[in-house]
Amino acid sequence: MSNTAENQNPNNEEPAENLTPETQQDQGEATASQTDDALATLTKERDDMRDKLMRALAEAENTRKRMERTQADTTKYAVTGFAKDMLDISDNLRRALDAISEDQRADDKVKTLYDGVAATEKIMLASLEKHGIQKIEPKEGKFDPNFHEVMFEAEVPGKQNGEIIQLLEAGYTIHDRLLRPARVGVAKASAGGTDYKIDEEV
């Protein structure tokens, strides 16, 4: 009989009905503590996995947006190199028109030539504008280093320091970027006048 009892309880654990209430409570608390620890571990692992997943999704979204911006910029400014090459042609057309005086245009043959060159320039500028390229022709106003380049300074009565007094060469922008600055002459303060500084801030 004793062997049978030992086989049924190989760990020699005391049957639950033989345990004191205090011992049963201690065992219950130990089991609950182990369960709580396991649950806390699983919860932490779940939260860590969720955090890693959210970070991975955010990084993937940021990468997608960067690629979209890069692709948009590539498409938007794809003609930049070609546009710069065309600026020399546009400049030469303008120089040809400026070289013909009003007196010379009185001649019908010269006028026909002038009108043809003017029409060509107009078509070229329209084509450039279609691709987001705008001409900058500041003939007055304040010098802006974001769009203008100073070629000379001169004292001019009635003009403040840094004020544009002459346009030497037109500039161009492509969408929101500067393609070429407008080259200008600006006024400088006279020795006895008020000294105005060029505003180099946007």
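Laboratory data are not the source of any read-out in this text; all were calculated from the coordinates shown. Given the structure is predicted, the values throughout are model-derived calculations rather than measurements. With ideal geometry, Cβ positions are generated from the backbone for all residues, glycine too; neighbour counts draw on all protein chains shown.
Worth a mention:
- Distance between the modelled labels on Leu42 and Asp115, one decimal in nanometres: 9.1 nm (7 Å Cα→Cβ projection).
- Computed over the range 134-197, the range of Cα coordinates on each principal axis works out to 42, 18, 15 Å, biggest value leading.
- Centre separation in Å (Cα based) which lies between the range 144-180 and the range 99-131: 25 Å
- Each peptide in 55-63, 132-140 receives the mean, over its residues, of other Cβ atoms within 10 Å, and ordering these scores from highest gives 132-140, 55-63.
- In percent, rounded to a whole number, the relative contact order of the range 41-151 is 21, using alpha-carbon pairs under 8 Å and six or more apart.
- Separation in nanometres of the label points that stand 7 Å from Cα toward Cβ, at Arg66 and Lys52: 2.2 nm
- Extension gain from His131 to Leu178, taking 0.36 nm per residue of separation minus the Cα-Cα distance: 15.5 nm
- Listed by chain and number, the lysines whose C-alpha is less than 17 Å from the C-alpha of Lys159, apart from same-chain residues fewer than 8 away, are Lys139, Lys142, Lys188, Lys197.
- Estimated FRET transfer efficiency when R0 is 35 angstrom, pair Val79-Glu155 (beta carbons, to 0.05): 0.25
- Within the straight-line cut-off of under 19 Å between alpha carbons, the lysines reachable from Lys84 are Lys76, Lys122, Lys130, Lys135, sequence neighbours fewer than 8 places apart in one chain being disregarded.
- Percent RCO, i.e. relative contact order, over the range 134-197, from Cα pairs under 8 Å lying at least 6 residues apart: 42 percent
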